[in-house]
Amino acid sequence: MTFEFIETAYDVDDKGHFGEFGGAYVPEVLRQPLLDLEAEYRQAQADPAFVERVRDLFQNFVGRPTPFHHCRNLSADVGGAQIYIKNEGLTHTGAHKINHCIGQAVLAERMGKRKIVAETGAGQHGLATATISALFGFECVVYMGEVDYDRQRPNVFYMEQLGTKVVPVRDGTRRLKDAAIAAMKHWTTHITDTYFLLGSVIGPHPYPTIIKDFQTVVGLEAQSQFRARTGKDKPDYCIACVGGGSNALGLFNPFLDDADVKLVGVEAGGRGVAIRGDHASKISGKATVGVVEGYKSLFLQNDFGQISNTHSISAGVDYSGIGPQHAYLHQKGRVDYVAIEDDEALAALQALARTEGIIPALESAHAVAQAMKLAKTLDKDKTIIVNLSGRGDKDLFITAKKLTPTKWDAYLKSQIDGE
Amino acid sequence: MTTIDRQLERIAEDNRIGLMTHIVIGYPSLDESRDLVRTMARTGVDFIELQIPFTDPIADGPTIMKASTEALQNGVEPQQCFDVMRELAAEVDIPLLFMTYYNIVHAMGPKAFCEAAVAAGAKGLIVPDMPLAEEEFEHFYAASEAAGIPIVAVLAPENAPERLKEISATSRSILYLPSRTGVTGAKAELAKHLGDEVAKIKTVTNQPVAIGFGVSSGQHIELIKSAGAEIAVVGSAVIDTLEASGLDGVETFLKELTGACRS
């Protein structure tokens, strides 16, 4: 089992910052709980029983290690570099989010917390949170922006079946950032008995580090699987989609100190990055430094500091901010960030489905699209690892309507009329 | 002596506690928010927080969040808020304070923000998500000191005495104690532990204490008074009253509250 805590030159400093980014910009009432969380987390990291419990759950509940697949057909079709997929879609619950949920659940249990509050965008973090809450016997509330609540109904249904209360958030833009704020407020109001189980490498310190640490299992496994499969020491490129950025940091983290491995984060280009509100790409979309949701990073905002609306076909990457470590990695030039548009992601989903028999989540389809673009420009002996953060089941109601509109509408109508 | 200190002296001379109220600039409209401030000043309110609306407020409860969202939908941006402050500060003779979130300050730059706030006539600043721990990166407290505008520090219930010392040393103004953990919003019952909390604060500092969050009636004000605090803060309850019974209703409600402060 590969899970372990690692250190890199790009880790948080002792004041909770990644260069100018990060920090804990929170009201006084949250200061002590965050200090307590950090202290407890540092102790847990040094406790072999804690690490062993996480390892056991990773292996026997999540289904780790996840497969590492050489996309021979796709690589041949595209022409150029060899594309490998780290398939987090084959975890229990179908996405990488389960990794940091397991880690935080064990931490919450260690802290004596029996209630969980979480936010979710696409629903995968919510589903994973609901799942571990059922497993650990936690009482769980998940906040979800109303727009996401409506477009990710299958996950809402499953969360409810797992015993979680799902609350649609009607504030602001009714998306992930509003769900995150609602969850943080809930935590503030129930601070003594509730663990705030954050779902990406965002939020106040120490959350970005905690989430990254548990996601690092993805990169560690990919690293050893790549070596075993290819006989080479390291890949030429690692590519992953970035909303808040948890799956990307999970893949990138073990490679950060090796400058030979090029790292590419793929943001949601939506309908194009030229117009604010049409996309969720912080780097290509010229986001500026701000302080929102308790942390300092790059945010899509106007000149006065008001956070902008975003758009993506995929709820999981439809987010106005980016994890503070990503902002730092961008500033340091360690990771390249690019934007992939909705249509390109849909085309990549179809390409991967037809050539490899794998239907990716729409978020991950952004990374696949970038890998296909890049592979064409490289020699056949070059290698690319793509993190498939999740599988595409949850997106059925979006992708089917987009790709087969007439058939899908007829099917939905038949379900309503016929039953 | 700051304008806030002078107002506190007047309150002490009257042997009563002070009342601080809150509006969101631009809610329900710019004109109506101006009228609210005038009504508040006329009914004997001692301090008024003018909130610059922000898209992502992490400490606002549902009532104020909704008001902020509507103000933003009305197109209100910080520049207009400075204009409203300038106009009203020249008109009313009680201290007006700006309340907002740090991203609004950060976007403008702490120095420029503090200087503009002073130029507009604001007498204090409340920015709940700008903690002391980040000051070395932000220089916000330093900017406010240089501009000569005090920061009202927001405490947490159950802060340890050492922490209270640390915060009060930086604030040099009113200390704002939330009556409970959580977000703003009117509640029927106030916590009973307020007296102990205020006594603890008074062991480390003589700075005046304002208690807010959930304050919505004359009885609550009685409780805050008996707890030993100098100021009661009413926010969401004013907006709730405005929505239920208009500006006249707010006037009646505020008279009840100012009466309770003086009783």
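The values are calculated or read from the model by the stated rules, or taken from the named source; none is laboratory data. Fair warning: this is a prediction, and the values are worked out from it, not measured in the lab. Because the Cβ atoms are built from the backbone with ideal geometry, glycine has one as well, and the counts that use them run over all protein chains shown.
Scanning segment B:179-215 for residues that are in contact with a strand residue (DSSP E or B) (Cβ under 7 Å, 6 or more places away or on another chain), on the phi < 0 side of the Ramachandran plot and modelled with pLDDT under 90 yields B:SER179, B:LEU194, B:VAL215. For residues in segment B:116-133 being surrounded by fewer than 24 Cβ atoms within 10 Å (Cβ to Cβ) and part of a helix (DSSP H, G or I), which is farthest from the other protein chains (Cβ to nearest Cβ)? By that ranking, first place goes to B:VAL118. Any residue that is under 30 Å from A:ALA348 (Cα atoms), touching a Pro at 6+ places or on another chain (Cβ under 8 Å), away from chain B (no Cβ under 14 Å) and touching a residue at least 24 places away in the same chain (Cβ under 8 Å) - is there at least one of those in segment A:90-107? Yes - at least one qualifying residue is present in segment A:90-107. Applying a threshold of 8 Å to beta carbon distances and a minimum spacing of six or more residues, or different chains, the list of pairs starting in segment A:22-47 at a residue that is within 14 Å of chain B (Cβ to nearest Cβ) and surrounded by fewer than 22 Cβ atoms within 10 Å (Cβ to Cβ) and ending at one that is in a helix (DSSP H, G or I) and small (Gly, Ala, Ser) reads A:ARG31/B:ALA133.
The residues on offer are A:ILE358, A:ILE322, A:ILE340, and the sole one that is touching a Leu at 6+ places or on another chain (Cβ under 6 Å) and closer than 21 Å to A:ASP395 by Cβ is A:ILE358.
Testing B:ASN103 on (1) buried (at least 24 other Cβ atoms within 10 Å of the Cβ); (2) more than 11 Å from every other protein chain (Cβ to nearest Cβ), one condition comes back false. Which one is that? All conditions pass for B:ASN103, except number (2).
Scanning segment A:156-165 for residues that are assigned to a helix (DSSP H, G or I) and either among the charged types (D, E, K, R) or in contact (Cβ under 8 Å) with a residue 12 or more places away in the chain (or both) yields A:VAL156, A:TYR158, A:MET159, A:GLU160. Quick one: what pairs do we get from segment A:401-419, first residue surrounded by 11 or more Cβ atoms within 10 Å (Cβ to Cβ) and modelled with pLDDT of 90 or more, second of a type in the set (Lys, Arg) and in a helix (DSSP H, G or I), C-beta under 8 Å, 6+ apart or different chains? Cβ pairs passing all conditions: A:TRP408/A:LYS401; A:ASP409/A:LYS401. Being touching a Leu at 6+ places or on another chain (Cβ under 9 Å) and more than 26 Å from A:ASP14 (Cα to Cα) is a condition met by at least one residue of segment A:175-193. When segment B:67-99 is limited to residues that are within 19 Å of A:ALA182 (Cα to Cα) and crowded, with 24+ Cβ neighbours inside 10 Å, the one that is nearest to the other protein chains (Cβ to nearest Cβ) turns out to be B:SER68.
Annotation for segment A:143-155: at least one member residue is assigned to a helix (DSSP H, G or I) and within 17 Å of A:CYS101 (Cα to Cα). Can you find a residue that is of a type in the set (Val, Ile, Thr) and either at pLDDT 95 or above or more than 20 Å from the chain's Cα centre (by Cα) (or both) anywhere in segment A:308-321? No, segment A:308-321 has no match at all. Report yes if A:ASP257 is in a loop (DSSP other than H, G, I, E, B) and either more than 14 Å from every other protein chain (Cβ to nearest Cβ) or hydroxyl-bearing (Ser, Thr, Tyr) (or both), otherwise no. The answer is yes for A:ASP257. Would you check which residues across segment A:67-92 are surrounded by fewer than 23 Cβ atoms within 10 Å (Cβ to Cβ) and of a type in the set (Val, Ile, Thr) and list them? If the condition is that a residue be surrounded by fewer than 23 Cβ atoms within 10 Å (Cβ to Cβ) and of a type in the set (Val, Ile, Thr), then A:VAL78 is the only one that fits. Scanning segment A:222-229 for any residue that is within 14 Å of chain B (Cβ to nearest Cβ), charged (D, E, K, R) and on the phi < 0 side of the Ramachandran plot turns up nothing. Residue selection: A:VAL242 fails the criterion of being buried (at least 18 other Cβ atoms within 10 Å of the Cβ), in contact with a helix residue (DSSP H, G or I) (Cβ under 6 Å, 6 or more places away or on another chain) and farther than 21 Å from A:GLU363 by Cβ.
Among the residues of segment A:174-214, those that are over 25 Å from B:ASN159 (Cα atoms) and either more than 20 Å from the chain's Cα centre (by Cα) or not in a loop (DSSP other than H, G, I, E, B) (or both) comprise A:LEU176, A:LYS177, A:ASP178, A:ALA179, A:ALA180, A:PRO208, A:THR209, A:ILE210, A:ILE211, A:LYS212, A:ASP213, A:PHE214. Against the list (1) at pLDDT 95 or above; (2) buried (at least 19 other Cβ atoms within 10 Å of the Cβ); (3) among the hydrophobic types (A, V, I, L, M, F, W, C), the condition B:ILE64 fails is (1). Segment A:271-363 holds strands (runs of 3 or more DSSP E) entirely within its bounds, and those carrying 1 or more residues that are more than 13 Å from every other protein chain (Cβ to nearest Cβ) map to A:335-341. Take A:GLY219 and decide whether it is more than 11 Å from every other protein chain (Cβ to nearest Cβ), at pLDDT 95 or above and touching a helix residue (DSSP H, G or I) at 6+ places or on another chain (Cβ under 6 Å). Spelling it out, A:GLY219 is indeed more than 11 Å from every other protein chain (Cβ to nearest Cβ), at pLDDT 95 or above and touching a helix residue (DSSP H, G or I) at 6+ places or on another chain (Cβ under 6 Å).
A:ALA128 - would you say it is out of contact with any His (no Cβ under 9 Å at 6 or more places or on another chain), of a type outside the set (S, T, N, Q), in a helix (DSSP H, G or I) and more than 17 Å from A:GLU221 (Cα to Cα)? No; evaluated as a whole, the condition is false for this residue.
In segment A:266-294, the residues that are at negative phi and free of Cβ contacts under 8 Å to residues at least 60 places away in the same chain reach residues that are charged (D, E, K, R) and surrounded by fewer than 17 Cβ atoms within 10 Å (Cβ to Cβ) with C-beta atoms within less than 6 angstrom, at least six apart or across chains, in these pairs: A:ASP278/A:ARG271.
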